[in-house]
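Following: one structure in structure tokens, then a few remarks.
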Amino acid sequence: MSSDFYQAFDDFDRFAFPAPIIRVTGGHGGEALLIIGSEKTCLIDCGMAYCAEQMLENLEKALSGAGRGTLDLLLLSHSHYDHIGALPYIRKKYPEVTVCGSGHCAKILERPGARTLMKELGETARNQYDPDSSFEIIVDGLFADRVLKDGESVSLGDETVTAFETPGHTNCSMSFLLMPLNLLFTSESTGIIEGKDYVHTPVLKSFDQARESLEKCRALHPDLLILPHYGLVPPDYTEKYWDSFEEECGSKFAFVREMIKQGLSEEEMFERYTERYWTPAKLQEQPKEAFMINSKHILNAILKGIHGEGGEHGF
């Protein structure tokens, strides 16, 4: 992608969200974005557990400022700890909230092993970002009250939010279209802007699914995009963003294909992948342990796409 594409991102305030969206993010990790509907309030994700207190303080201030007394809905983009770790604390403060996610997300949150992993990763994040803290990471309350099907909408009054299954990053990933603003909250399946000149492709499960999710999102023709771990895309670059994601997927496939030609083992490929894509700046969003786990899944997904297992063709 040309340098002027990234220059446009550099000069743009990615947190200048249009009304009725308010950023209530509490710290490093996933964003927490509040929608003040004409009748109901809705939170898109809630961020990590370690910074739940700050997120709740921000949320209470935003609700109060809008003349609202409670949080009605919480929509989960997927089941990863950095996006939903604060859920148990939200339930304690707003017990009337209805938590919504995909069917697969709901099933994952029922698994004891998933909760154990979320607690471990949550503690790692706390130790990384707030080393003097003894804040308890809890996982009781990590469940969904309502399953949203693909294309199902929830009403906030004059506004609606429609959920779309967009797997690739995870099997449980969802994107959300806010109308009448025609704004799409994308999932990580269709990428993240990182730094000044890089679109990250955190596809942990399937690049075929990611391609299908990309086409589904593009076909919605949103006027505005909000990317996870990033923020608002400059409106003039909404369509160009899809192209940039495709280009970076292709670049990663070419990188791995070249390593295969060189006869590298998977372990050697992983070392090369880490050398190429890890930077200290990534610590702003996730501990290195989480990056390493995700990178192994991304590499495996690329290899699966290249080798054509399960009908995959990759990029």
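Highlighted here would be strands (runs of 3 or more DSSP E) found entirely within the stretch 151-195 that include at least 3 residues which are in contact with a Lys or Arg (Cβ under 6 Å, 6 or more places away or on another chain), but there are none. Evaluating Lys296 against the criteria (1) of a type in the set (D, E, K, R); (2) closer than 18 Å to Thr170 by Cα; (3) touching a strand residue (DSSP E or B) at 6+ places or on another chain (Cβ under 6 Å) leaves one unmet condition, (3). Restricted to the stretch 213-255, and to residues there that are among the polar types (S, T, N, Q) and under 19 Å from the mean Cα position of the chain (by Cα), the residue that is surrounded by the fewest Cβ atoms within 10 Å (Cβ to Cβ) is Thr238. When the stretch 199-212 is filtered for residues that are buried (at least 23 other Cβ atoms within 10 Å of the Cβ) and either at positive phi or over 14 Å from the mean Cα position of the chain (by Cα) (or both), only Phe207 remains. The residue of the stretch 208-225 that is nearest to Gly168 (Cα to Cα), among those that are of a type in the set (A, V, I, L, M, F, W, C) and in contact with a strand residue (DSSP E or B) (Cβ under 9 Å, 6 or more places away or on another chain), is Cys217. Checked against (1) under 21 Å from Gln286 (Cβ atoms); (2) in a helix (DSSP H, G or I); (3) out of contact with any strand residue (DSSP E or B) (no Cβ under 7 Å at 6 or more places or on another chain), Phe245 passes all but a single condition, namely (3). Just to be sure, is Glu239 in contact with a Lys or Arg (Cβ under 9 Å, 6 or more places away or on another chain), in a helix (DSSP H, G or I), of a type outside the set (A, V, I, L, M, F, W, C) and at negative phi? Answer is yes for this residue.
Scanning the stretch 146-160 for residues that are under 21 Å from Ile36 (Cβ atoms) and either surrounded by fewer than 15 Cβ atoms within 10 Å (Cβ to Cβ) or of a type in the set (Ser, Thr, Tyr) (or both) yields Arg146, Ser153, Ser155, Gly157, Asp158, Thr160.
Any read-out appearing in this document is the output of simple, stated calculations on the displayed coordinates, not a laboratory observation. Keep in mind that this is a model prediction, so the values were computed, not measured. Here Cβ is always computed from backbone atoms with ideal geometry, including for glycine, and neighbour counts include all displayed protein chains.
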